[in-house]
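A.B. asks: My questions all concern the structure below.
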Amino acid sequence: TASVSRNPIGLDEQFQLTFTFTGNLSSFTPPPLNDFMVLSGPNQSNSIQIINGSYSQSISYSYILQPKKQGTFKIGAGTANSGGKSFQSNPISISVTASSNRNQQQQNQNNISSGSVFIRVSLDKRNVYKGEAVVATFKLYTNVQVVNYSITKMPSFTGFWSQDVEMPKQMTLYNENYNGTPYQVGEIKKVVLYPQQTGTLTIDQMIGECIARVKVNRNRSNNPFDIFNDPFFSDPFFGSGGVREVAYSIKSDPVKITVNELPSGAPIGFNGAVGDFSMESIVDREKLKTNDALNVRVKISGNGNLKLIETPFKDIPQEFESYDPKVNDAISTTARGSSGTKTFEHLLIPRVPGDFEIAPIRFHYFNPEKKEYITLTSPSFKISVEKGKGDHSPATAGNTKADFKIIGRDIKFIKPLSGSLTLNNVGISGTWLHYPLSLLPIAMMIGMAFWKRKQLALRADVASYKSKTANSMAIKRMKLAHSFLEKKDLKSFYEETGKAIWSYLSDKLQIPVSELNKEYVVEQLHQSGVSDETSKMIQQLISDCEYARFAGANEQTDPSAIYDQTIKTITDADKEMAS
């Protein structure tokens, strides 16, 4: 037999589907559940009953499901094999209505409350300077048995630059006493935040769902012979239904952080580095010839916002041609913040001979522990440049640094030639081609000016430009997602698909990604003329991708179908907003 915990059901609610077989079961095959999200299951339980000496056994398979959309859906028959025979359960028709708020009723019915299981944000500090690292840890607290959980909305970290700390694949639980109550605690996410603006910043909510196993209270009979109402027999092994699995919404409370402006008196050249650092600078040679390469390497080491640090090497002699530095990072992010090294390699090419000096390199940073600015200074480097072979540049004793200010940046000096020049009279002057060819450069210049003005006008409105190219950019992302799908790298596939949807919505609706959430997106899509059906499909695809990323894809989910549906939905939304 097949049964459900309730029917009809709201779009945002979960229900339990149970298949029960009485007898000795050899195998069981569930029906397709493509119209529902499988939050948990199959969960197997056995039941034994002994009544008047008669023994019977039954086996149950249960699933926690949530509908994907409104409507009426049919759950087909499950198939069981026993003793060489095949048995089928009864099909069930499920009616899915609009969303409803039954969370409070569920708390009372399932003996679970917001104090039983919740998410809490733990910060290592709440009052910091701009750019100072804050470690935020999102923890799951529970004093009931949680068999599964998923995160449906991650915090956006508006106002922060963030770095995720790598978490173990398997959550480890430990005991913690919080507000006088003992809990089992597991860490969901850990991130290092660097505030980029001052004032009071808020870490918004992390929202999710969990499947909790709770005890069901039963009314005890006054019959002294009714021994099966004894709490001993409340274990599901005895078929009394003493525990059940229920779905419950979990979330964290918003957390505020006070961010102070850095103290006044910052040295000239300070570029926002905050932490505790050291600096090392070297040149790979001190003697070379013109047009040879010289490498100046600057390495910053320590703890802090290393990723955001810019090169401190600015004062480059004018007689040297310079290139953008090559940057190498060796930075690790742990629970104590970001630490490691950041190396800048500057390639310089001297174009004239002589003796030069590379001035000391100065790196300024703010140390939040000492609450002061610190300047690190390297030694100066004396560089001797000889004239290279084949270099015909004039190097007279009267030349000064000012003389080479312009010509010193050329790849080579102009090479003087001996002999005289003669005029070649062969040409088109006086022919019929002379006049149209003379006007051709002017026409080309006018055409180029018109084209450039049009491009500048188009790109001047960046938001409009992104909106117009949102669909094509999303399709490009989906091509990358498809490459992950072909490699069967499902985690990267769902992550890239989710990014494609969010990036499309951000560009098309002209809303920063950090400010997007499902509720706001629905409102903006409606105002932009997108149909309810397309809007709901966008929400569903986002939920499918997030669930697959953080809880793992279940067997009922077809990633190829997700890929095809994502491209179709983005295309439909683009057409509806354009009409």
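The values are calculated or read from the model by the stated rules, or taken from the named source; none is laboratory data. Remember, it's a predicted structure, so these values are computed and weren't measured experimentally. Here the Cβ is made from the backbone with ideal geometry for all residues, glycine too, and neighbour counts use every protein chain on show. Protein only, heavy atoms only, side chains kept; ligands, DNA and RNA dropped before computing areas. Shrake-Rupley method; radii C 1.70, N 1.55, O 1.52, S 1.80 Å.
A.B. asks: Among the residues of segment 111-128, count how many are modelled with pLDDT of 85 or more and either within 22 Å of the chain's Cα centre (by Cα) or crowded, with 17+ Cβ neighbours inside 10 Å (or both).
C.D. replies: Let us first name the residues in segment 111-128 that are modelled with pLDDT of 85 or more, namely 117-128.
If we keep only those that are either within 22 Å of the chain's Cα centre (by Cα) or crowded, with 17+ Cβ neighbours inside 10 Å (or both) too, we end up with 117-123, 128.
Residues in segment 111-128 being modelled with pLDDT of 85 or more and either within 22 Å of the chain's Cα centre (by Cα) or crowded, with 17+ Cβ neighbours inside 10 Å (or both): 8 in total.
A.B. asks: Restricting segment 366-384 to residues that are closer than 19 Å to Arg297 by Cα and in a strand (DSSP E or B), which is least open to solvent (accessible area, probe 1.4 Å)?
C.D. replies: Within segment 366-384, the match that is least open to solvent (accessible area, probe 1.4 Å) is Ile383.
A.B. asks: Ser492 - would you say it is farther than 27 Å from Gln170 by Cα and modelled with pLDDT of 85 or more? So that I can check it myself, show each step before the final result.
C.D. replies: Working: farther than 27 Å from Gln170 by Cα: no; modelled with pLDDT of 85 or more: yes.
Taking the combined requirement at face value, the residue does not satisfy it.
A.B. asks: Could you list, ordered by first residue, the pairs with Cβ atoms under 7 Å in which the first is in segment 114-132 and closer than 17 Å to Gln196 by Cβ and the second is acidic (Asp, Glu) and open to solvent by 70 Å² or more (accessible area, probe 1.4 Å), at least 6 apart or interchain?
C.D. replies: Going by the 7 Å Cβ cut-off, the qualifying pairs are Lys130/Glu261.
A.B. asks: Would you confirm, using the coordinates I've provided, whether Asp276 is at pLDDT below 90 and open to solvent by 40 Å² or more (accessible area, probe 1.4 Å)? Write out each step before concluding.
C.D. replies: On the way: at pLDDT below 90: no; open to solvent by 40 Å² or more (accessible area, probe 1.4 Å): yes.
No, not satisfied.
A.B. asks: Which of the residues that make up segment 250-265 are hydrophobic (A, V, I, L, M, F, W, C) and at pLDDT below 90?
C.D. replies: Filtering segment 250-265 down to residues hydrophobic (A, V, I, L, M, F, W, C) leaves 250, 255, 257, 259, 262.
Result: Ile250, single match.
A.B. asks: Which one is most open to solvent (accessible area, probe 1.4 Å), of the residues in segment 142-178 that are of a type in the set (Ser, Thr, Tyr) and not in a strand (DSSP E or B)? Walk me through it before giving the result.
C.D. replies: Of segment 142-178, the ones of a type in the set (Ser, Thr, Tyr) are 142, 149-150, 152, 156, 158, 162, 172, 174, 178.
Now restrict to residues that are not in a strand (DSSP E or B): 156, 158, 172.
Details: Ser156: 41, Thr158: 67, Thr172: 98 Å².
So, considering only residues that are of a type in the set (Ser, Thr, Tyr) and not in a strand (DSSP E or B), the one most open to solvent (accessible area, probe 1.4 Å) is Thr172.
A.B. asks: Quick check on segment 397-417. Is at least one of its residues modelled with pLDDT of 80 or more and surrounded by 10 or more Cβ atoms within 10 Å (Cβ to Cβ)?
C.D. replies: Applying the first criterion (modelled with pLDDT of 80 or more) to segment 397-417 yields none.
No, segment 397-417 has no match at all.
A.B. asks: Further question on the same structure: Might you let me know whether segment 97-110 holds any residue that is at negative phi, assigned to a strand (DSSP E or B) and modelled with pLDDT of 85 or more?
C.D. replies: Just the residues of segment 97-110 that are at negative phi, to begin with: 97-110.
Applying the additional criterion that residues be assigned to a strand (DSSP E or B) yields 97.
Checking the rest, the ones that are also modelled with pLDDT of 85 or more come to none.
Within segment 97-110, not a single residue is at negative phi, assigned to a strand (DSSP E or B) and modelled with pLDDT of 85 or more.
A.B. asks: For segment 288-299, indicate whether the set of residues that are free of Cβ contacts under 8 Å to residues at least 12 places away in the same chain and either open to solvent by 20 Å² or more (accessible area, probe 1.4 Å) or touching a His at 6+ places or on another chain (Cβ under 6 Å) (or both) is non-empty. Talk me through it step by step, then tell me what you get.
C.D. replies: Let us first name the residues in segment 288-299 that are free of Cβ contacts under 8 Å to residues at least 12 places away in the same chain, namely none.
Scanning segment 288-299 turns up no residue that is free of Cβ contacts under 8 Å to residues at least 12 places away in the same chain and either open to solvent by 20 Å² or more (accessible area, probe 1.4 Å) or touching a His at 6+ places or on another chain (Cβ under 6 Å) (or both).
A.B. asks: Then there is this: If a residue must be assigned to a loop (DSSP other than H, G, I, E, B) and touching a helix residue (DSSP H, G or I) at 6+ places or on another chain (Cβ under 9 Å), how many such residues does segment 286-333 contain? Walk me through how you get there before you give the answer.
C.D. replies: The initial filter retains those residues of segment 286-333 that are assigned to a loop (DSSP other than H, G, I, E, B), namely 286, 290-293, 305, 309-319, 323-325.
From the residues that got through so far, the ones that are touching a helix residue (DSSP H, G or I) at 6+ places or on another chain (Cβ under 9 Å) too are 318-319.
Qualifying residue count for the region: 2.
A.B. asks: With respect to Pro195, is the statement that it is modelled with pLDDT of 80 or more, surrounded by 17 or more Cβ atoms within 10 Å (Cβ to Cβ) and touching a strand residue (DSSP E or B) at 6+ places or on another chain (Cβ under 8 Å) true? Full working, then the answer.
C.D. replies: Working: modelled with pLDDT of 80 or more: yes; surrounded by 17 or more Cβ atoms within 10 Å (Cβ to Cβ): yes; touching a strand residue (DSSP E or B) at 6+ places or on another chain (Cβ under 8 Å): yes.
Judged against the criteria, Pro195 is a match.
A.B. asks: Still on this model: Does segment 487-524 hold any residues that are of a type in the set (Ser, Thr, Tyr) and over 15 Å from Asp574 (Cα atoms), and which are they?
C.D. replies: Applying the first criterion (of a type in the set (Ser, Thr, Tyr)) to segment 487-524 yields 492, 494, 497, 503-504, 506, 514, 520.
Listed by number, the residues that qualify are Ser492, Tyr494, Thr497, Ser514, Tyr520.
A.B. asks: Being open to solvent by 30 Å² or more (accessible area, probe 1.4 Å) and over 30 Å from Leu201 (Cα atoms) narrows it down to one of Ser483, Ser503, so name that one. Let's see the steps before the verdict.
C.D. replies: Details: Ser503 fails: over 30 Å from Leu201 (Cα atoms).
Criteria check complete, one pass: Ser483.
A.B. asks: Same structure, new question: Open to solvent by 20 Å² or more (accessible area, probe 1.4 Å), more than 21 Å from the chain's Cα centre (by Cα) and either among the small types (Gly, Ala, Ser) or modelled with pLDDT under 85 (or both) - does that describe any residue in segment 529-550?
C.D. replies: Yes, because at least one residue in segment 529-550 is open to solvent by 20 Å² or more (accessible area, probe 1.4 Å), more than 21 Å from the chain's Cα centre (by Cα) and either among the small types (Gly, Ala, Ser) or modelled with pLDDT under 85 (or both).
A.B. asks: Filter segment 23-35 down to the residues that are modelled with pLDDT of 85 or more and surrounded by 14 or more Cβ atoms within 10 Å (Cβ to Cβ) and list them by number.
C.D. replies: Result: Phe28, Pro30, Pro31, Leu33, Asp35.
A.B. asks: Within segment 179-197, can one find any residue that is part of a loop (DSSP other than H, G, I, E, B) and either touching a residue at least 40 places away in the same chain (Cβ under 8 Å) or closer than 23 Å to Asn260 by Cα (or both)?
C.D. replies: Applying the first criterion (part of a loop (DSSP other than H, G, I, E, B)) to segment 179-197 yields 179-180, 196-197.
Add one more test, that the residue is either touching a residue at least 40 places away in the same chain (Cβ under 8 Å) or closer than 23 Å to Asn260 by Cα (or both), and what stays is 196-197.
There is at least one residue in segment 179-197 that is part of a loop (DSSP other than H, G, I, E, B) and either touching a residue at least 40 places away in the same chain (Cβ under 8 Å) or closer than 23 Å to Asn260 by Cα (or both).
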